């Protein structure tokens, strides 16, 4: 949030904060942050919470405080695994990963990230899905290691997996290529994941 | 005492006292309902709305007063205080003083029901909140009056209101160590009322936690937060300052660990519920026990009895919400009736 070392630092003024982000999240993500009871169950179980700068509970708080800048620039945006433990266990049914997805998209469009390699991985993975409708694991790993300059990353593990037949050089694409094309062309906005 | 109809003196005509007097009379005994004010109703009369159903307390009061009027066995004594109680055989001689006519008379009582209610702690000792200094810092009962005015379309609409809970409660330094129990709910109600009357107003409730233990209570508070959009900020405010004729509240948002400020027009403090000084005096008169604070202490095995012929109900025992005051009034009446029926 604000830097206390800044000589112009003033405490946050609640009455000057509007609820535009809160409304935006409600409209775009269907998530009502006012339902949060601030119990912290989301953050207690978060699989990466111990390394987050802002835990899921704080993410919800930040939305209430209209702190869009903080949300876009935070590290948690990129190291969240989207495992959905937080939303699965939330007693109020708040879909925190949906908020993070939405903010990640915003950060991506602005070109901001605390973890360029993770963003690169996202890009490569999605381009693989766009091409074949599947993730071709081995080509993805090679590409990622090459482009991020970590040539030998996970090489031994990868070799073991390969020998056990857990990784293959080629994965066949899906049949419904047209659906994939539509998904990436943006027309999928009419559909949401999980719905029939 | 012969075949005279047995009589109970009920002191205090709030929801607890009214209920006790009604039930005693409806069971065929006499009740003298003593009220120091000019009107019946006690604290309930001052309230603007109720939780958890947003009902008008005046409707409840009006219906109870109608019931009282249909009950000739209840003698209502307004503007009257009990000035003396002398043990007399199996009862008391009670001196009633009429404040208006400066007269007093004596009545025979076979049982006493104390229903003197509670009052709010004097919170001017918290200099940091400026109660008694800034006219727009109100206590909760004063704010009920403001809400009544607003409801009638009078007064200036506020742009911002901040409500503080636990002022003098859960305070082992200057206040009381106990939780006053009703503040969480009435504060939610008051905050929700402001949003109902002025949806554009920004309303903040500063809290340590909200204790909504009761039927429909949790749902009520959630409605205030989620449907009426009252902002709950976790943290006990530390200072109220005057800034440009408005009030600046300083607190910490303890959920984020950040100091925060908010500029509002009105600050409402929810003071600790404390016993009235008269309760202690009356308790001594009628052999009742009081605890370290001055609330009536019950018998070990009877929660509405405190001495052989002395019962109590409502806020003089501890902070209660209206339905509980009524329940205790009815329970005290049941005890009085049982006592009167003893051969």
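At-a-glance table
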| item | result |
| --- | --- |
| Residue mean of other protein chain beta carbons inside 10 Å, A:31-40 | 3 |
| Orientation-averaged projected area, Cα convex hull of region B:76-190 (nm²) | 11.6 |
| Shape category assigned to region A:18-110 from the gyration tensor of Cα positions, a/c cut at 1.5 | oblate |
| Exposure proxy ranking, count of Cβ atoms within 10 Å, fewest first, for A:183, A:147 | A:147, A:183 |
| Acute angle (nearest 10 degrees) that the helix B:15-26 long axis makes with the longest principal axis of chain B, alpha-carbon atoms | 30 |
| Antiparallel bridges, percent of DSSP beta bridges restricted to the protein assembly as shown (to nearest 5) | 50 |
| Two-site FRET efficiency, residue A:161 against residue A:122, from Cβ-Cβ distance with R₀ of 25 Å, rounded to 0.05 | 0.70 |
| For chain A, alpha-carbon Rg and Dmax in angstrom | 19.6, 62 |
| Relative contact order (percent, whole number), chain A, Cα cutoff 8 Å, 6+ residue spacing | 16 |
| Kirkwood Rh, angstrom, region B:282-335 [1 / mean 1/r, Cα pairs] | 11.0 |
| Residues A:79, A:156, B:296, A:17, sorted so that the one with the fewest Cβ neighbours within 10 Å comes first | A:156, A:79, A:17, B:296 |
| Angle between chain B longest axis and helix B:217-226 axis [Cα atoms, degrees, rounded to 10] | 20 |
| Rounded Å value of the spacing that divides the Cα centres of region A:1-69 and region B:185-220 | 22 |
| Quotient of C-alpha Rg and 2.2 N^0.38 Å, computed over region A:116-187 | 1.23 |
| Cα long-axis angle, helix B:322-341 against chain B (0 to 90 degrees, to the nearest 10) | 10 |
| Residue-averaged 222 nm ellipticity for chain B, from DSSP H runs of 4+ at -39500 (n - 2.57), nearest 500 | -8500 deg cm²/dmol |
| Spacing of the two label points (7 Å from each Cα toward its C-beta) at residue B:53 and residue B:27, in nm | 2.6 |
| Whole-Å distance, taken between Cα centres, linking region B:49-63 and region B:223-241 | 25 |
| FRET efficiency estimate (nearest 0.05) - Cβ-Cβ, residue A:41 to residue B:219, R0 22 angstrom | 0.65 |
| Overall form of region B:120-273 per C-alpha gyration tensor (a/c, 1.5; a/b vs b/c) | rounded |
| Exercise: per-residue mean of other protein chain Cβ atoms within 10 Å, B:254-261 | 6 |
| Residue A:26-residue B:254 FRET efficiency (beta carbon distance; Förster radius 22 Å; 0.05 resolution) | 0.30 |
| Region B:279-318 residues near the modelled residue B:334 label - backbone nitrogen below 11 Å, point 7 Å along Cα→Cβ | B:303-304 |
| Alpha-carbon centroid distance for the pair region B:243-317 / region A:73-131, whole angstrom | 49 |
| When the convex hull of its Cα atoms is projected in every direction, mean area for region B:202-273 (nm²) | 5.7 |
| Kirkwood Rh (inverse of mean 1/r, distinct Cα pairs), chain B, angstrom | 21.2 |
| For residues of A:9-19, the mean tally of beta carbons on other chains within 10 Å | 6 |
| Cα-based Rg and Dmax for the protein assembly as shown, where Dmax is the largest Cα-Cα distance (Å) | 32.3, 107 |
| Added length on full extension, which subtracts the Cα-Cα distance from 0.36 nm per residue, residue B:78 to residue B:90 | 1.7 nm |
| Label-to-label distance, nm, for residues given as residue A:131 and residue A:13 (7 Å Cα→Cβ offset) | 5.4 |
| Estimated D of region A:1-48 in µm² per second, where Rh is the Kirkwood radius over Cα pairs and Stokes-Einstein applies at 20 °C, 1.002 mPa s | 154 |
| Residue B:227-residue B:171 pseudo-label distance in nm [points 7 Å out on the Cα-to-Cβ vector] | 3.3 |
| Exposure proxy order (Cβ contacts within 10 Å, fewest to most) of A:16, B:149, B:292 | B:292, A:16, B:149 |
| Helical mean residue ellipticity (222 nm; -39500 (n - 2.57) per DSSP H run of 4+; nearest 500) of chain A | -14500 deg cm²/dmol |
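The numbers here are math on the coordinates, done by the rules we state, and not lab data. Small disclaimer: the values here were computed from a predicted structure and weren't measured. Note: ideal-geometry Cβ built from the backbone for every residue, glycine included; neighbour counts use all protein chains shown.
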